[in-house]
Amino acid sequence: MGFFERLTKIDRRIVFLIIMLSVILPLLLRVDFPITVTKEVQNVYDLVDELPAGSTILLPCEYAPDTMAELEPMLFAILRHCWSKDINIIAGLFYHTGVTLVEQEILYMAEKMNAEYGKDYVFLGYRPYPAVVIMSMGQNFRQSFPTDLYGTPLDDIPMMQGIKNYANIDLVLTINATSGVDQWIIWGRERYGFPFAIGVTAVMAADYYQYLNSGQVIGIIGGLKGAAEYEDLVNYKDMATMGMSIQSFAHIVIVLFIIIGNVGYFVTRKKKGPRL
Amino acid sequence: MKRQLPIAITFVCAFILTLQYFIPHRSFEIMYEVSNIWLQIIGIFALSMGILSIILVHYDKIKFKKENWGFSVVLLASLFGMTTVGLIDTESGPVFVWLYNNILAPISATLFALLAFFIASAAYRAFRARTVIATILLLASIIVMMGRVPIGSIISFGVFPKLADILINYPNVAAKRAIFMGVGMGAAATALKVMLGIERSYMGSD
Amino acid sequence: MSFDPGVWLAAFLTLCIFSFLYKDNPFYKFAEHLSVGISAGYGLVIYIRVTFIPIFIDPLSRGQWHMVPGTLGIFLLIFPALIGILLFSRFSRKWAYIARYPIAVIWGIGTGAAIPLALQNFIVRQLQATIVPITFSSWQDLGSLFIAVGVACGLIYFFFSKEHKGVFGGMATAGIWILMIGFGSTFGFTVMARVSLLIGRVIFLMKDWLGIIG
């Protein structure tokens, strides 16, 4: 087997090993690169930043540990931004595997930012079937969530006084790894017309630019890159920023593998002659 | 009774649910909400049936000592263990949360992380510029990959991010819109076929 | 290095899953089966505690349902439970067909909700956003024109009832090019997402478990 043919037939375990090293080595070397902020993330940041103190954001977090690496830094950056501006958060979710995770993440950030439960934030908990919950919340949040996750009636929570439905919410910002985004657009944004922004995994992001173009979504925070941009905007570089530097090397390695594969392919094809 | 009644039930439910969308009256909204709560209640029985099915399959493997039956013991023990802990403790209880954090979370996160290796290997093996359209696909993915990481901006003096932005915001939007319109038409057509009893595969065979 | 047994367990299970990269092995199978059991148990607990009890058991024990008051409400609440129980007839060969009734309810409600949803969101709203006035007063307008033409070409590519020849064929070719850019973008984003998840696990191993990085 010649050199160029070998290039097209590298053992998959060697490919795996090099990919693993492309993540481990930059992590040890800690190289930092500047982050450029895109318009779609800037839109979300501006929307939150322009809200006056005391405003309320509905923050449905629909993800589980499988996508935690991308969405957790996003949630942290958003909570940091909101609570530093005295903006109240109503969190909840429609994805059962994430209940424990999201609860812990919110409690962790609340402790860091000195946010008080019932005054600065409320955790509604989980309900299945997003469409019906989204619609019923348009009438009254209490229809689907008579109590919060801990069993306290919403009427007994100070922050929820005067908050009945979407009309009392300044922004709906969902951090989502599910098709729940579509449900929010169809049953929520289209019916009730509230300002709507999304934070999604990178896999999903490409599909939602059409909604950005149609104006149904005001901004998109896409994957770890989006989270890093938001960290940059709130001026607190954390896990996402660190992750993006590592990501740079991994992408270069993958692109190099694609180039190597193609070089090998074209050279060996020339030698063998074109396929009929 | 075996086939006609389910078809009639499907038609009635689907017709009422379709109709409610076009009649913005509170009574129809209540009907929609009631139907969705029905789904949630039926859902718990469907979930229980699924879990019962898992239990029966693995009980069978253990009983007849089939290949890898030891793993079935692990599965059943973890299923009963987690359920018991969750029902005795609460969903926010320390033991339940500990099991979630140290077993469920790392395994599911790592299972998805594995895909990074497979997608890299697949890209190396299958991404070949054999034809014009394959080359377009290849170039678009490389531009997006490089345009969305900080180093891409540095090595191309800002060209990759700009190109990636153009690709994502225009051709990508056009492509996704065309695909989603096709999906929308297909979904509506399939739903209509189910509603009218033309598509019956969901009922299984007699 | 961490001294927390939970972190050690999580690290062990992470390595069990990663061991699949070499080849399928008993460690991977163990973690896989453990994950299925734990997640099924977790799902059942969450569903019972956070959904079934508040939406079914609580209203029944109070004797009234906020959606529909009176005896009718209680009947409307018990009815789906009776339908749900019919699902278990699947386990009997003789009575298996009875499970079709609850399945018919699920499919009926699902398809009924899907028809307007698919038409409104995927077609009507996207058409509205595609056919916009173009005045050529800004670059944005050029982009809108590109999207409109691109969508038309993409749809023509999917239209197989007319032969792809002449102008129609040219548009179909442009359509497939545009679709390929869309797929390429999605692939780029997918690589990004998967690498991000890998980074998350490597950070866990090196920071939370081994403590090599700060």
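None of the figures in this text is laboratory data; all of them are computed from the coordinates on show. Because the structure is a prediction, the values reported are computed rather than measured. Here Cβ is always computed from backbone atoms with ideal geometry, including for glycine, and neighbour counts include all displayed protein chains.
For the reader, a short list of remarks on this structure follows.
- Note on chain B: GNM, Cα springs under 10 Å; of B:I42, B:I143, B:I133, the largest mean-square fluctuation is that of B:I133.
- Note on the protein assembly as shown: helix-only mean residue ellipticity at 222 nm, from DSSP H runs of 4+ residues weighted -39500 (n - 2.57) and normalised by residue number, equals -21000 deg cm²/dmol.
- Dipole magnitude of the range C:1-105, debye to nearest 20 (Cβ charges: Lys/Arg +1, Asp/Glu -1, about Cα centre): 520
- R0 of 35 Å, Cβ-Cβ distance C:F75-B:T90: FRET efficiency to nearest 0.05: 0.65
- Sequence-separation-based contact order of the range C:31-110, relative, with Cα cut under 8 Å and 6+ spacing, percent: 14
- As a length-normalised measure over Cα pairs under 8 Å and 6 or more apart, the relative contact order of the range B:98-179 settles at 16 percent.
- Relative counts (whole %) of C-alpha pair distances in chain A, using bins that are 5 Å wide: 1, 5, 11, 15, 16, 14, 10, 7, 6, 5, 4, 3, 2, 1, 0, 0
- Computed over the range B:28-89, the alpha-carbon pair-distance distribution with 10 angstrom bins reads 20, 32, 25, 15, 7, 1, each value a whole percent.
- Relative intensity of the range C:37-116 on a log10 scale, I(q)/I(0) at q = 0.18, 0.20, 0.23 Å⁻¹, equals -1.01, -1.10, -1.11, per a Debye sum over C-alpha point scatterers of equal strength in the absence of solvent.
- Dipole of the protein assembly as shown [Lys/Arg +1, Asp/Glu -1 at C-beta], most positive-end residue of B:V73, C:A174, B:P6: C:A174
- By the beta-carbon count within 10 Å of each Cβ, the least crowded to most crowded order of A:H81, B:H25, A:H251, fewest first, is B:H25, A:H81, A:H251.
- Relative contact order (percent, whole number), the range B:1-153, Cα cutoff 8 Å, 6+ residue spacing: 6
- Taken along the Cα-to-beta-carbon direction at a fixed 7 Å, the label points for C:Y22 and B:K193 span 4.8 nm.
- Across A:K9/C:K29; A:K39/A:K119; B:K63/C:K23; B:K2/B:K63; A:K9/C:K23, pairs whose alpha-carbon gap is larger than 23 Å: A:K9/C:K29; A:K39/A:K119; B:K63/C:K23; B:K2/B:K63
- Exposure rule at most 16 other beta-carbon atoms within 10 Å, DSSP loop chymotrypsin sites (Phe, Trp or Tyr not before Pro): chain B longest free segment: B:65-156
- Short to long, the 5 Å bins of the Cα pair-distance histogram for the range C:96-141 hold 5, 17, 13, 12, 11, 10, 8, 7, 6, 4, 3, 3, 1, 0 percent of all pairs.
- Cα centroids of the range A:5-55 and the range C:136-214: 18 Å apart.
- Size of the range C:134-208: Rg and Dmax of its alpha carbons, in Å, are 19.7, 62.
- Dimensionless Rg ratio for the range C:1-58, taking C-alpha atoms and the 2.2 N^0.38 Å reference: 1.59
- Taking the DSSP bridge list for the range A:39-237 and keeping only pairs wholly inside it, about 5 percent are antiparallel.
- The mean of 1/r over all distinct Cα pairs in the range B:5-52, once inverted, gives the Kirkwood hydrodynamic radius of 12.1 Å.
- Here the range A:221-235 and the range B:148-206 have alpha carbon centers that stand 24 Å from each other.
- Compactness of the protein assembly as shown, taken as the C-alpha radius of gyration over 2.2 N^0.38 Å, stands at 0.99.
- Note on the range A:1-81: semi-axes of the ellipsoid equivalent to its C-alpha gyration tensor, largest first and rounded to whole Å, are 42, 16, 13.
- Extreme residue, positive dipole direction of chain A, given options A:F123, A:I169, A:G180 (C-beta unit charges): A:G180
- Think of the protein assembly as shown as a dipole: +1 on every Lys or Arg Cβ, -1 on every Asp or Glu Cβ, centred on the Cα centre; then among A:S248, B:Q20, C:C153, C:C153 lies furthest on the positive end.
- Given charges at beta-carbon only (K, R positive; D, E negative), |dipole| of the range B:1-88 in Debye: 380
- Calculated diffusion of the range B:1-145, Stokes-Einstein form, Kirkwood radius summed over Cα pairs, 4 °C and 1.567 mPa s, µm²/s: 61
- Dipole magnitude of the range C:1-62 about its Cα centre (Cβ charges: Lys, Arg +1; Asp, Glu -1), debye to nearest 20: 120
- Antiparallel content of DSSP bridges confined to the protein assembly as shown, in %, to 5: 5
- Projected area averaged over orientations for chain C, convex hull of C-alpha atoms, nm²: 24.5
- Sequence-distant residues sharing a close amide H with A:Y117 (under 5 Å, placed H): none
- Low-density loop positions, trypsin sites (Lys or Arg not before Pro), the range A:132-222 - DSSP coil, at most 16 other Cβ in 10 Å: A:K164
- Residue among A:I246, A:I220, A:I14 with the largest mean-square fluctuation in a Gaussian network model of chain A, springs linking Cα atoms under 10 Å: A:I14
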